Structures are given as C-alpha cells and as structure tokens.
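J.: Before I ask anything, let me first share the structure, which is written out below as structure tokens.
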Amino acid sequence: MKAVRYYGHKDVRIINDLEKPKPSGDEVLLKIGGAGVCHSDLHIIDEGTVVGTTFTLGHENAGWVEEVGQDVKGFKKGDAVLVYGPWGCGHCKPCQHSNENYCDHQSEQAYGGGLGLNGGMADYMLVPSSRLLVPIHDLDPVIAAPLTDAALTPYSAIKRSLHKLMPDEYVVVIGVGGLGHVALQILSEMCGSTIIACDITPERLEFAKSLGAAHAINSTDKNAAEQIKKITGIKKAKVVLDFVGATSTIDLGTKIIGLDGDLTIVGLGGGKFEYNMNGLPFGVSMTNPYWGSRTELMEVIGLAIQKKIHIEIEKYNLDQALEVYDKLRQGKIKGRAVLIP
Ligand code: NAD
Ligand code: ZN
C-alpha cells in the first residue's frame, strides 16, 4: 500500500510497497478516508524531534473500519470513525478518565500514530485498540479527520477557561491557521466574550473576522499590544490562546493578559519565556495544554454534527504530501489540508 513515511530529520518519502497490516486481538484496520496535515508534522520533520525510528506520518485520521481483530466488539466493517490521537497506556488514572493525552506513561512510549508509530497518511492504518475509535455517524471522514486535533486541541484548551469567558470579557486568539480558525468558531459558539484575533497577513485577519472575531490585529505591528489594550481597556484580556508559541507571541500574550487571566500556549513554536515577578499581572495562570480527552472528542463531534463548527478544508492526494508540507511551511494553507488516499 502507499504511505507517506518519516525517515528522520528532513527526510520524508512516499512509498508504494508498505505491507497492508492484519489486525488481531483488539486491533482494528481502517481504510483511511482522510488524514489532516498538522503543523506539528513540520516540527517533527524540520526539527527532527523524533529520532531513531521510521513511521507513517499523519495523526489526524478518519476512515471506515475495514477489518477487526477477534476480540473487537461494537465495530463492524464499513463503520465511519475518527481515530483518537494521543494513545496512552489505557490503564492509568488519567487514561481511565479518558485523558490519554496526559497518560502517566507518556514519557516512556511513542504516543500515537503519526507521532513515532504508524499513522494515517496511507491507504490503511492499524489502530492498536478499538478503545481509540470514535464513531462519526453521518459525517464524511474526509471532512471530519481534522476534528481529531485541529478541533479537539482548541476545544480542550478553551473548555479549561470557559468559566472565565463571560460576555463582559475579552479573549485573544493568536494564529488563525488549522487550530486557530476552529478556535474562533468554538469561542463564538460557547462563550459570549468579545473575540480579538491576531495573525500576520491581511488575508488571515479577514478570515478571522468571517469566523467570529470582532477585531483582527496584525501581531507584527510594533504597537499590536497597544492596539489590543485600546480595545480591552484597563482590564486587558481574560484569556489569551496562543496557537503559535514563538517568543514574540508569548511576549505579546504577557503584555495583553489581565489580572487572574489564563495565558494558554498551545503552539509548539519553540518560544522562550523568562519569569519575572513584575512581568505578569497577579493571578495569571500560564499553561501548555496538550491535545484533548477521548470524551472531549465526542463533544467536538457533537459540535460538527450540529454544524456549529466547520473545518475549512483543502483536499490533496497522498502523492502531493511533500508539496502540501511546503505550502504549510510557507503559510499558504487556509484552514487545514487533508490527504486523501
Ligand atoms: P498552521 O500553520 O495551520 O497555522 C499557524 C497560523 O499562525 C498561521 O495562520 C500563521 O499565519 C500564524 N502565525 C505565524 N506566526 C505568527 C505570529 N508571529 N503572530 C500571529 N500569527 C502567526 O498551524 P496549526 O496546525 O494550526 O498549528 C499551530 C501550532 O500548534 C503548531 O506549533 C502546532 O505544532 C501546535 N499544535 C499543538 C498541539 C498541542 O496539543 N499543544 C496540537 C496541535 C498543534
Ligand atoms: Zn497535530
């Protein structure tokens, strides 16, 4: 079968002769409908963050059950499903709570398909346990694939701050790409706060406004923080969601976050933050959330089925993977690219 494989730092190859896996026990073989192309792949490829192993890329996966192992119950051939991405041990307390994204054993093992283990940029994908599949009913797997990360990650990040996102508060979204464009829709749907978006091109700022941002600011403007504080007034932002995570965006976040606010760094842009007692208002919580839980993925599917969120999708075939990664590097993908076998 065809697959997009990671061989090491800056070495991705499309091959045609990978053996089609055979499921056993609780394993499930999926026929892939779509695999989303996430910026995290670029961190792996360009920074070589995974070493010493070769695997199929793609951690945002959806498709149809093709074949089940002898112990699988509740799934049959043809069922449309999403693959929950962060694969935990399945037994520790966080995993029992469905928070496999915070599995106690995360530091001991490769933690998901496309992230050290074989993912979904291929004709078929072997999922190690039926526990990791979530039915999507009538949703199309091609369109639904990015729900597993581009929607789940912002959903989980927003949910932890939801009690602070009242109608008289301000929330700032930095980076209106794959994750950020869904974050804006989730915020519009789930809270009454005024939404301010930041990105670096006029096109992205217009895109943000079309998705519910009341204001859109170019974060490369020297006075971006001042422009935002002019909107919020003295209270500043209650929540900042940074989907870039560069030093410059973290720095912007520290300037615009208000007292008792949440400064949430989702992006893995390698930014640095130096704690300074007087550099942050009192009561600020800084956090770096990772992905979301299995049950939160079910909630995200609920939002998609009700058409309360939609992912802006660009469709490509597997042979175009390298070209798509280049486009993503250059900031030329609007919303999310999905590879279709
Ligand atoms: P993307 O490339 O689709 O979008 C990034 C967006 O940020 C683009 O619109 C780009 O124009 C904008 N941007 C770049 N520099 C900026 C700046 N200085 N100020 C404002 N905007 C800027 O990326 P994505 O797939 O949405 O991923 C975003 C980040 O989140 C990546 O670092 C990715 O690795 C990370 N991520 C983290 C998790 C997690 O669980 N923590 C999960 C998925 C992705
Ligand atoms: Zn991702």
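J.: For residue 192, only one of the following conditions fails: (1) more than 10 Å from ligand 1 (Cβ to nearest atom); (2) in contact (Cβ under 8 Å) with a residue 60 or more places away in the chain. What is its number?
T.: (2)
J.: Let me ask something else. Restricting attention to the stretch 31-71, which residues are assigned to a loop (DSSP other than H, G, I, E, B) and not β-branched (Val, Ile, Thr)?
T.: The answer is 38, 48, 52, 57, 58, 59, 69, 70, 71.
J.: Further question on the same structure: If you check residue 182 against the conditions, is it within 16 Å of ligand 1 (Cβ to nearest atom), crowded, with 24+ Cβ neighbours inside 10 Å and aliphatic (A, V, I, L, M)?
T.: yes
J.: Looking at the stretch 315-341, which of the residues that are within 11 Å of ligand 1 (Cβ to nearest atom) and part of a strand (DSSP E or B) is nearest to residue 149 (Cα to Cα)?
T.: Of everything passing the filter in the stretch 315-341, 336 is nearest to residue 149 (Cα to Cα).
J.: Identify, please: which residue in the stretch 61-87 is closer than 28 Å to residue 336 by Cα and in contact with a Pro (Cβ under 7 Å, 6 or more places away or on another chain) and is, among those, surrounded by the fewest Cβ atoms within 10 Å (Cβ to Cβ)?
T.: Of everything passing the filter in the stretch 61-87, 64 is surrounded by the fewest Cβ atoms within 10 Å (Cβ to Cβ).
Throughout, read-outs are computed from the coordinates displayed, never taken from laboratory work. A quick note: this is a predicted structure, and the numbers were derived from the prediction, not measured. Note that we place each Cβ from the backbone using ideal geometry, even for glycine, and neighbour counts take in every protein chain shown.
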